[in-house]
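The block underneath contains the structure these notes are about, expressed in structure tokens.
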Number of protein chains: 6
Amino acid sequence: MLSGGLLERSICAVVGTYGTGKTTFALQFAYEGLRRGEKVIYISLEEREELLRATIAQKGWNMEVFGEGFYLLKLDPTDFNLAISSIKSELPALIENTGASRVIIDPISLFEGLFEDESTRRQEMFRLIEVMRDEACTLVLTSETDATNPEGSRYGLVEYLADTVVLLRYIRSAGLTEVHLALEVVKMRRSAHSREIKPFEILQDQIMVYSEASLF
Amino acid sequence: MLSGGLLERSICAVVGTYGTGKTTFALQFAYEGLRRGEKVIYISLEEREELLRATIAQKGWNMEVFGEGFYLLKLDPTDFNLAISSIKSELPALIENTGASRVIIDPISLFEGLFEDESTRRQEMFRLIEVMRDEACTLVLTSETDATNPEGSRYGLVEYLADTVVLLRYIRSAGLTEVHLALEVVKMRRSAHSREIKPFEILQDQIMVYSEASLF
Amino acid sequence: MLSGGLLERSICAVVGTYGTGKTTFALQFAYEGLRRGEKVIYISLEEREELLRATIAQKGWNMEVFGEGFYLLKLDPTDFNLAISSIKSELPALIENTGASRVIIDPISLFEGLFEDESTRRQEMFRLIEVMRDEACTLVLTSETDATNPEGSRYGLVEYLADTVVLLRYIRSAGLTEVHLALEVVKMRRSAHSREIKPFEILQDQIMVYSEASLF
Amino acid sequence: MLSGGLLERSICAVVGTYGTGKTTFALQFAYEGLRRGEKVIYISLEEREELLRATIAQKGWNMEVFGEGFYLLKLDPTDFNLAISSIKSELPALIENTGASRVIIDPISLFEGLFEDESTRRQEMFRLIEVMRDEACTLVLTSETDATNPEGSRYGLVEYLADTVVLLRYIRSAGLTEVHLALEVVKMRRSAHSREIKPFEILQDQIMVYSEASLF
Amino acid sequence: MLSGGLLERSICAVVGTYGTGKTTFALQFAYEGLRRGEKVIYISLEEREELLRATIAQKGWNMEVFGEGFYLLKLDPTDFNLAISSIKSELPALIENTGASRVIIDPISLFEGLFEDESTRRQEMFRLIEVMRDEACTLVLTSETDATNPEGSRYGLVEYLADTVVLLRYIRSAGLTEVHLALEVVKMRRSAHSREIKPFEILQDQIMVYSEASLF
Amino acid sequence: MLSGGLLERSICAVVGTYGTGKTTFALQFAYEGLRRGEKVIYISLEEREELLRATIAQKGWNMEVFGEGFYLLKLDPTDFNLAISSIKSELPALIENTGASRVIIDPISLFEGLFEDESTRRQEMFRLIEVMRDEACTLVLTSETDATNPEGSRYGLVEYLADTVVLLRYIRSAGLTEVHLALEVVKMRRSAHSREIKPFEILQDQIMVYSEASLF
């Protein structure tokens, strides 16, 4: 569906409600990079390092690829100043020092939630995106959905700022007897992409999208 | 559905509107632990001890397993300072002193409601979860649903913070002639789990989920 | 449906929009108690005594059972201080002095509306429920529904505080040619109860639920 | 449907969106009274006397019945003090002096809108209803609907305060090719009434409800 | 549908979302008057005179009827004081001086939007309507719809104040393959009118309603 | 559908949610002008020049037409003063100096979002439109949709101010298996236009609308 994966140096938003596999998506994106010898920075605002590692282990992935090029930053989502300076000031330097070509912020919505008024949030997000566009890396940002709009992100910003938007969601059958996960590539700048809604499953060791093209 | 029950040392949110069986779910989780010889702490913000005991008795459970390892705290949901210090400061010590491996807060939404502004509530919830992650116990948090979003908790936080989310709800037939309860495991980090919506009934003595796997 | 009626010493919320028969439900609950020789306290915030008596007369009930054990309090829903002190301070004494085993507040939503901010309302309602739990009586509270949530009470509190919730509502056929009243026992703590939606009619002299079990 | 018309000395709310015939309903109620020799007070906050008379003339009604016992008050809905004193202080005296047995306020929602905060509005409406209950007349109050709840009045009060609620509404067919008016008696205290939704038409000279019982 | 057109000296609201033909409706009402030798005042808050004239020309109408009795006022919708004094103070004099029997304000919603608080807006609109009722002319007011209520005007006032309400809207087929415009006369005081939803088309030179009666 | 394209010297709003092809639409409008030898001004508030050029290159368009008559302004959407003075003061001069006949602001919603209160935003937008009407050019304004109204623009203004409104949207099949893009010309002043919803695809090198008429 993504016709060969995410574009290099593009920004991708992964939007979905709880339990749709946003972190699994982000980890698989990281894992694929590591397997190819790339460096990866993973900024987690939600999960502790040991729990992310447990998730990875539970997937049965080869842990050896981690450690060499995997830089995990666990940020405290309640520490406003630290989180903001880590992401705004230190991230560019870290990318340059490590040569990381894949960067993940999971979830960006917790970062956005640190700003109390909407116009500051918008300004800071525009600036973050501007800074990241100068870096030689692909950026994946995960976000919760808005409670009243299941196709929009929590703060209605990242889907407009990103080049690519992947929407993860549930399809519950009318009689509420079955639940499926569906993945839709809603937007992809600078690329032809198929507009299909594909069922997917979070298997033990990967997200399996029932489509010809590889997702990562 | 939960493939062998809740993971040890994980955090589970049980979300449902009034009458869907959240307290019965929590009590059964407690009961199963006691039967296996585990210690259980039950923090109730809604029901008095004698009424919880009456509920247990009405289920016909063997009361003898209680008393030995069952620590019930009834908190007054209108006493801000006491409730907060009990949960934030004293709970970790209590867990360590008693060696409890199962802890229930029923409902967490009354605790969340004690904070008047959203950002304080969010910070306090993040910190509570952080503290609880260091304890060697499984935590079950029940929550009312949001009036406008029947798949989200009252304050839209616990479903994102928890490792596992169990959604309890009504299915009313179109002609409004029948009502059924349905249970869905929407999210389960670090575990493959089936994504099915299962009818269940609150029987005299247990929650019976019509599924192969044991729930507790 | 209620398997033998409301439990003794429990709290029951009757929730419905205008015209669904909340007052008729409450009166029938009162009447059944009086017929069995019990004492009943009826706190009305909406209807005058002579109009309640006219309603009773119109139902053709034997008025002699009233008068002996029927204590009616008409409260002015605009007199904040009087209404609050009557319900909070004087009601417990009245229950003890009269030996009433059935108490009705119709509607509780007018009492809740006296509090201007949500946290005070919540605190006062928690305290009222706490006080009433110490009394040896069954309490019936009627409430209007919330304009945006036809399954919730006006202030979203009583359905969580009560042991039993009875939902009264309209079922209008798709073509808007017929209207029926439906009664659903949504929640009933400490009791197995059937989960069915039953049509009912407000007949001249009683609420007739088309179900085997007696409602009162 | 109303089994013989509105009860004497009761309060009736007529709720409907624009164009559903609220004023026609109120005028017909007035006309029926006049024809029977009763006195009628009509307080109009919307229509000028000459326009109301034009409406009556257009219906082809016998104008002679008016003039003798028809007291029309046109109130300016923007003059807070005058409107309030006219309705609150002078109306009871007028009823007593004229011996009117039918009183109409059309629409009450413009009167309610004069109060800027909700709790004052509620208090004033409770008091108005209390005062009117002491008068020997039947009161008809018309009200616009709430924009978000087509079954509720503009301010969500009169349907709870009134003894009888008549809901007027449109039924638009699914394909939007036909429109019908429907009348439903949703609530009627102290009377058995049929719960049916009846189509009606505003004919040249009357509201014709397709039902056996007379509406006025 | 309007049984012979709009009543003389009545007030008509034309409510519809963007693109439903409100201005075309208003222009055709003006044109019909001019063709019959009447004088017309057209107050435009949105379109410049040259653009309105271009619209008229594009319809192929005989421009000669304009110029003689067509008074166009283009008001700046951002100039609060000028717009208000033009409409409130000068319009009555202009009507009397010109002898205009048709007056259009297109759209009234931009005028209503000049008032920042709701109660001032309501008062000013009531007064404008009162003043206009004393003039010997028919008044047509166009209005955008409310974003959340497609059957109500932007500020929920004109549909209640007007004698006649014409609702213009889209009917999109379920599969979103076709779009039709539909016109509904929802309200018409002092006149029997048919209650049908009629498809219409904006042709090169007129609004063609597929109904027997002439609209203008 | 647009019967020969956009009218000269008209204002066109292109409204759609993320990923519906608003920028592609605007670029194709620019490209068609350039191919015909016209001058084009493109004000981008979202995309950097190099990324817009990459998008153009990815479409396989002949880049040589650009450069000669293509004036790109990248504005920082967080720099209030600069953005406003660029658009309000400098744009008219730039149009006159360059002789541009096509001007694009992509997206106008970011410009509108710079104003914090609604009445200032409305006034500034009215004035911008007034100024642009004096210029000899066709103006295309793109806008995000409102989260709660998929047929309205983010701030509910441009669809009323523009002469032409093109709505871009997704049609997701009921079973959520397919997604199509649909284009609808909702409004077109001073022109007969077909009212159809047409599927379209964003091909490698153009927007292909499945309709007879050319879109650009």
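A compact table of results
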{"read-out": "GluC sites (Glu not before Pro) within the stretch A:113-202, DSSP loop, no more than 13 other Cβ atoms inside 10 Å", "value": "A:GLU116"}
{"read-out": "Charge context of B:LEU7, other residues only, Cβ under 13 angstrom, K/R +1, D/E -1", "value": "+4"}
{"read-out": "Kirkwood hydrodynamic radius (C-alpha pairs) into Stokes-Einstein, the stretch E:49-169, 4 °C and 1.567 mPa s, D in µm²/s", "value": "82"}
{"read-out": "Debye-sum result for the protein assembly as shown in log10 I(q)/I(0), which assumes one identical scatterer on each alpha carbon, at q = 0.08, 0.09 Å⁻¹", "value": "-1.11, -1.34"}
{"read-out": "Structure-based [θ]222 nm, chain D - -39500 (n - 2.57) summed over DSSP H runs of at least 4, per residue, nearest 500", "value": "-8000 deg cm²/dmol"}
{"read-out": "Cα-only radius of gyration and Dmax that characterise the stretch A:16-71, units Å", "value": "11.0, 32"}
{"read-out": "Lysines whose Cα lies under 24 Å from that of F:LYS88, excluding same-chain neighbours fewer than 8 positions away", "value": "E:LYS74, F:LYS22, F:LYS39, F:LYS74"}
{"read-out": "Span-like helix ranges in chain B, DSSP H, alpha carbon extent 15 angstrom or more, Kyte mean at least -1.0", "value": "B:22-35, B:118-133"}
{"read-out": "Cα-based convex hull volume of the stretch F:129-169 per residue, rounded to whole Å³", "value": "69"}
{"read-out": "Loop-located GluC sites (Glu not before Pro) in the stretch F:1-82, at most 10 other Cβ atoms within 10 Å (DSSP)", "value": "F:GLU8, F:GLU68"}
{"read-out": "Of all DSSP beta bridges in the stretch D:38-166, antiparallel share, percent nearest 5", "value": "10"}
{"read-out": "Counting DSSP beta bridges with both ends in the protein assembly as shown, the antiparallel % (nearest 5)", "value": "45"}
{"read-out": "Chain D: most fluctuating residue of D:SER173, D:SER119, D:SER89 per GNM, C-alpha cutoff 10 Å", "value": "D:SER173"}
{"read-out": "Enclosed volume per residue, in Å³, of the convex hull spanned by Cα atoms of the stretch B:70-119", "value": "88"}
{"read-out": "Leading residue at positive end of dipole, the protein assembly as shown (Cβ point charges), from A:THR98, E:ASN149, C:LEU45", "value": "E:ASN149"}
{"read-out": "Estimated D of the stretch C:1-114 in µm² per second, where Rh is the Kirkwood radius over Cα pairs and Stokes-Einstein applies at 37 °C, 0.692 mPa s", "value": "222"}
{"read-out": "Square roots of 5 times each gyration tensor eigenvalue, C-alpha, chain D, largest first, Å", "value": "25, 21, 17"}
{"read-out": "Cleavage-rule hits, trypsin sites (Lys or Arg not before Pro), the stretch C:15-87, DSSP coil, Cβ neighbours within 10 Å at most 15", "value": "C:ARG36, C:ARG48"}
{"read-out": "Residue (of D:PRO77, D:VAL140, D:THR55) at the positive-pole extreme of chain D, dipole from beta-carbon charges", "value": "D:VAL140"}
{"read-out": "Chain E residue with Cβ closest to the axis mapping E onto C, distance in whole Å", "value": "E:THR148, 7"}
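Only the coordinates and a few stated rules stand behind these numbers; no lab work does. The model shown is predicted, which means the values in this text are computed figures rather than measured ones. Here Cβ is always computed from backbone atoms with ideal geometry, including for glycine, and neighbour counts include all displayed protein chains.
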